[in-house]
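Report on one structure; see the data block that follows.
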Amino acid sequence: MTATAIATTHRQQLFKAICAKVDSFVTRDFINSTKTCTGNTQTSERQIIQKVREVLDELQLSYTEAGSQQSKDFRNIDDVGLNIEIKKTDTNMVYFNDTCPSEDIYYIVFVTGKEFKRKPCIPAMCLYVNGLEFTKDSPWLAEYITWIEEGKNKFARGENKKALPGIMEVYPRPTFKANISSFIQEKINTGTKSEE
């Protein structure tokens with residue numbers, strides 16, 4: 001086994017241990033309580049990040065935290081290069097904003113659940129996903145990223161930007177998002193947490 005493979009295995013095992021601790025630490029009631037109210041997503045995200053911070057501290061793991069609005073909320077956990085991004089959704093869509101998921105980012109997704117009258121309800125849950133799982137079936141993403149970068153180079157950077165007439169400026173910014181219905185259904189099929 002190569003050093004890279006050993007490091008990857010170590011990160012995967014550490015992530016599993018963190019996920020198990022999150023499952024024991026976080027109740028469905030807590031997840032439900034983080035539903036976005038009056039459009040203020042940052043308040044609930046701060047609560048969730050604080051809860052994961054408590055888990056990492058309980059496990060006595062070292063880490064650095066990202067600044068506001070940066071990706072990889074918790075970086076280089078336990079000095080093994082494990083990066084975790086925390087996401088929360090009240091629907092079946094997860095927004096990554098301008099950071100495309102990748103294999104070097106692990107995600108903890110808090111799904112607040114949804115009640116329906118005529119179809120099965122979605123219970124509150126946590127999903128634990130490596131970034132590659134989001135992108136592996138979308139090979140066109142590489143072409144899209146290249147297209148966005150070309151737009152930045154043509155209209156928003158360097159000499160090309162300076163050569164544009166007028167007072168207006170632009171900056172192409174992607175929005176990456178994923179429909180996680182299949183992950184939710186898989187979690188439901190394998191059994192979600194029973195504690196309330």
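What follows is calculated from the coordinates using simple rules that are stated; it is not laboratory data. All values derive from a computational prediction rather than experimental measurement. So basically every Cβ, Gly included, is an ideal-geometry build from the backbone, and we count neighbours across all protein chains shown.
Using the Karplus relation 6.51 cos²θ - 1.76 cosθ + 1.60 with θ = phi - 60°, the per-residue 3J(HN,Hα) values for segment 95-100 come to 9, 9, 6, 9, 10, 6 Hz, with x marking Gly and Pro. In this structure the amide hydrogen of Tyr107, modeled in the peptide plane, comes within under 5 Å of the amide hydrogens of Glu85, Val129, Asn130, Gly131, none closer than 5 places in sequence on its chain.
Computed from Cα positions, the angle between helix 41-58 and the longest principal axis of the chain comes to roughly 60 degrees. Over the chain, Cα pairs under 8 Å with separation of 6+ residues give a relative contact order of 19 percent.
Here Lys88 is the anchor, and the lysines within straight C-alpha reach of less than 26 Å, apart from those fewer than 8 places off in the same chain, are Lys16, Lys21, Lys35, Lys51, Lys72, Lys114, Lys117, Lys119, Lys136, Lys177, Lys187, Lys193. Ranking of Tyr63, Tyr95, Tyr171 by neighbouring Cβ atoms within 10 Å, starting from the fewest: Tyr171, Tyr95, Tyr63.
Give the angle, between 0 and 90 degrees and rounded to the nearest 10, that separates the Cα long axis of helix 181-190 from the longest principal axis of the Cα atoms of the chain. For helix 181-190, the angle is close to 20 degrees. Computed 3J(HN,Hα) for segment 137-145, one whole-Hz value per residue from the Karplus formula 6.51 cos²θ - 1.76 cosθ + 1.60 where θ = phi - 60°, is 9, 10, x, 5, 4, 4, 5, 4, 4, glycine and proline marked x. Sorted ascending by nearby beta carbons within 10 Å, beginning with the fewest, Ile31, Ile108, Ile86 become Ile86, Ile31, Ile108. How far is helix 3-25 tilted, in degrees, relative to the longest principal axis of the Cα atoms in the chain, given as a value from 0 to 90 rounded to the nearest 10? So the inclination is approximately 50 degrees. Seen through its C-alpha gyration tensor, with square-root eigenvalues sorted a ≥ b ≥ c, segment 1-158 comes out oblate because a/c lies at 1.5 or above while a/b is not bigger than b/c.
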